[in-house]
Amino acid sequence: MLDIKTYNMIAPEGTAEFPADKYTINETDKPAALLIRSQDMHKTRFGTSVLAIARAGVGVNNIPLVEANSNGTVVFNTPGSNANAVKELIVAMLILATRPVFSSVQWAKKLNGADVSLQTEKGKNHFAGTELQGKTIGIIGLGSVGSRVARATADLGMHVIGYDPYISVEHAWRLSNDIPRAKDLSELLQKSDYVTIHIPYTEGNKDLISSKELAELKDGAILLNYSRWGIVNENAVIDALDSHKIAQYLTDFSSEKVIKHESTIVTPHIGGTTLEAEINGAIMAAQTLKKYLETGNIVNSVNFPAVEMPFDSNFRITLIHQNVPNMVGRITTILAKYDINIDNMINRSREQIAYTMIDTDNISEKTFNKLKNELIEISEVIRVREIRKNK
Ligand SMILES: NC(=O)C1=CN([C@@H]2O[C@H](COP(=O)(O)OP(=O)(O)OC[C@H]3O[C@@H](n4cnc5c(N)ncnc54)[C@H](O)[C@@H]3O)[C@@H](O)[C@H]2O)C=CC1
Ligand SMILES: O=C(O)CCC(=O)C(=O)O
């Protein structure tokens with residue numbers, strides 16, 4: 001039995017992916033894998049029993065990847081699972097930024113009497129808005145969310161300009177050819193009436209939008225941050241609002257200072273919080289974990305290489321090791337000592353980490369334990385695991 005520990009609200013459709021004859025959920029203190037959403041794993045210890053962590057969602061800045069690597073823990077996310085949910089919220093927030101929906105509804109709620117309809121007609125002049133059509137929106141990051149926001153805002157009649165120097169081939173293909181790309185961030189900032197950010201939080205993206213970048217915006221521009229706290233420098237954005245350099249800041253990430261400011265609209269990190277996105281993410285994360293636990297194959301990992309090898313033999317040995325020369329030679333020399341015949345083998349690497357899978361015929365528990373002890377003696381080997389077919 002393998003135990004899966006969950007954190008946060010994981011949709012039951014996800015945990016239902018784990019059959020009860022092979023898995024338990026939240027039953028031991030030595031789980032084989034974790035299924036999480038925004039849980040801060042920098043502050044939550046995970047032991048060496050944890051073979052993998054799956055994040056139902058996209059951002060993985062809540063997971064210590066360096067610690068995961070040295071522990072031999074594979075970290076997965078669920079690319080695109082909540083991109084439509086974020087896109088729809090961005091469309092809503094753009095409209096809320098331009099039309100006085102909240103204030104007009106609050107005003108109307110206070111009306112009394114048989115002539116409320118007349119009163120609304122008289123009062124509506126106080127609630128004129130502007131239109132999105134014809135305005136320019138700059139989209140920073142053209143991945144799963146950004147590319148969808150680009151299509152949706154183009155459909156609303158906005159001029160769209162994108163910026164993503166690291167765009168993947170897959171996302172570039174998905175993006176319509178008529179979405180122009182800025183040559184650099186400055187060009188995007190200078191041309192846009194609205195700027196929306198859809199990039200991961202990394203060391204390199206910390207404070208990407210600070211005083212210098214805010215100064216480059218058009219006067220009265222509107223900024224949206226549905227990516228992460230820390231990508232926009234908070235003091236700089238408050239200064240830009242106070243001086244009326246920018247008109248509004250809409251965000252899913254906040255502090256008391258940001259929430260209390262009269263020119264902000266703050267949502268409580270609900271970009272990916274729809275029934276559909278939560279189900280998508282939980283199912284995708286559970287399937288990815290199951291695949292790894294049952295076959296060793298790796299898809300959608302953020303710290304390990306993608307590795308897929310058909311599991312046609314009876315027994316599979318997986319090794320996580322440092323990416324240094326001659327590891328495969330050293331490993332297979334030890335296997336030869338035990339007279340183990342290799343049916344199939346794969347070795348892939350990603351930065352400092354390498355992963356090797358070796359398929360053989362059945363090996364007895366006793367022999368495998370001896371073999372494992374010898375393999376783990378190699379100082380660069382981090383983890384050795386056995387997977388028996390259909391177990
Ligand atoms: N508010 C919420 O609930 C949610 C927030 N997010 C956040 O949004 C981020 C983006 O999500 P996805 O689009 O699904 O991820 P993605 O990985 O599909 O796309 C991110 C894109 O950003 C680009 N990028 C990275 N650094 C950049 C930079 N400095 N300038 C321009 N482009 C840059 C990458 O090349 C990539 O194309 C996530 O990492 C997460 O932090 C995602 C989903 C829900
Ligand atoms: O609702 C969640 O789990 C967070 C979604 C999110 O921020 C992400 O996927 O990066």
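Annotations for the structure displayed:
- Residue within segment 66-73 that is within 11 Å of ligand 2 (Cβ to nearest atom), at positive phi and open to solvent by less than 30 Å² (accessible area, probe 1.4 Å) present: no
- Criterion violated by Val101 - all others in (1) closer than 24 Å to Ala221 by Cα; (2) open to solvent by less than 40 Å² (accessible area, probe 1.4 Å) satisfied: (2)
- Cβ-Cβ distances below 6 Å connect no pair with a first residue in segment 109-127 that is in contact (Cβ under 8 Å) with a residue 12 or more places away in the chain and part of a helix (DSSP H, G or I), a second residue that is open to solvent by less than 100 Å² (accessible area, probe 1.4 Å) and among the β-branched types (Val, Ile, Thr), and a separation of six or more residues or different chains.
- Check on Ile342, buried (at least 17 other Cβ atoms within 10 Å of the Cβ), among the aliphatic types (A, V, I, L, M) and more than 16 Å from ligand 2 (Cβ to nearest atom): no
- Whichever residue in segment 366-391 is farther than 24 Å from Asn71 by Cα and over 32 Å from the mean Cα position of the chain (by Cα) and, among such residues, is most open to solvent (accessible area, probe 1.4 Å): Lys366
- Verdict on Val86 being within 16 Å of ligand 2 (Cβ to nearest atom) and either closer than 30 Å to Thr288 by Cα or modelled with pLDDT under 95 (or both): yes
- Taking segment 53-71 as the range and being assigned to a loop (DSSP other than H, G, I, E, B) and either more than 16 Å from ligand 1 (Cβ to nearest atom) or more than 14 Å from Asn82 (Cβ to Cβ) (or both) as the test, the residues that pass are Asn61, Asn62, Ile63, Pro64.
- The set of residues from segment 139-185 being outside any loop (DSSP other than H, G, I, E, B), open to solvent by 20 Å² or more (accessible area, probe 1.4 Å) and near ligand 1 (Cβ under 6 Å from one of its atoms) comprises Ser144, Val145, Tyr163, His171.
- Given (1) within 10 Å of ligand 1 (Cβ to nearest atom); (2) open to solvent by 40 Å² or more (accessible area, probe 1.4 Å), number of the condition Glu88 does not satisfy: (1)
- Condition broken by Pro31, with the remaining ones in (1) in a helix (DSSP H, G or I); (2) in contact with a strand residue (DSSP E or B) (Cβ under 8 Å, 6 or more places away or on another chain) satisfied: (1)
The values are calculated or read from the model by the stated rules, or taken from the named source; none is laboratory data. All figures in this text were calculated on a predicted structure; none of them were measured in a lab. Note that each Cβ is placed from the backbone with ideal geometry, even for glycine, and that neighbours are counted across all protein chains shown. We work out accessible area using only protein heavy atoms, side chains counted, and drop any ligands, DNA or RNA first. Shrake-Rupley method; radii C 1.70, N 1.55, O 1.52, S 1.80 Å.
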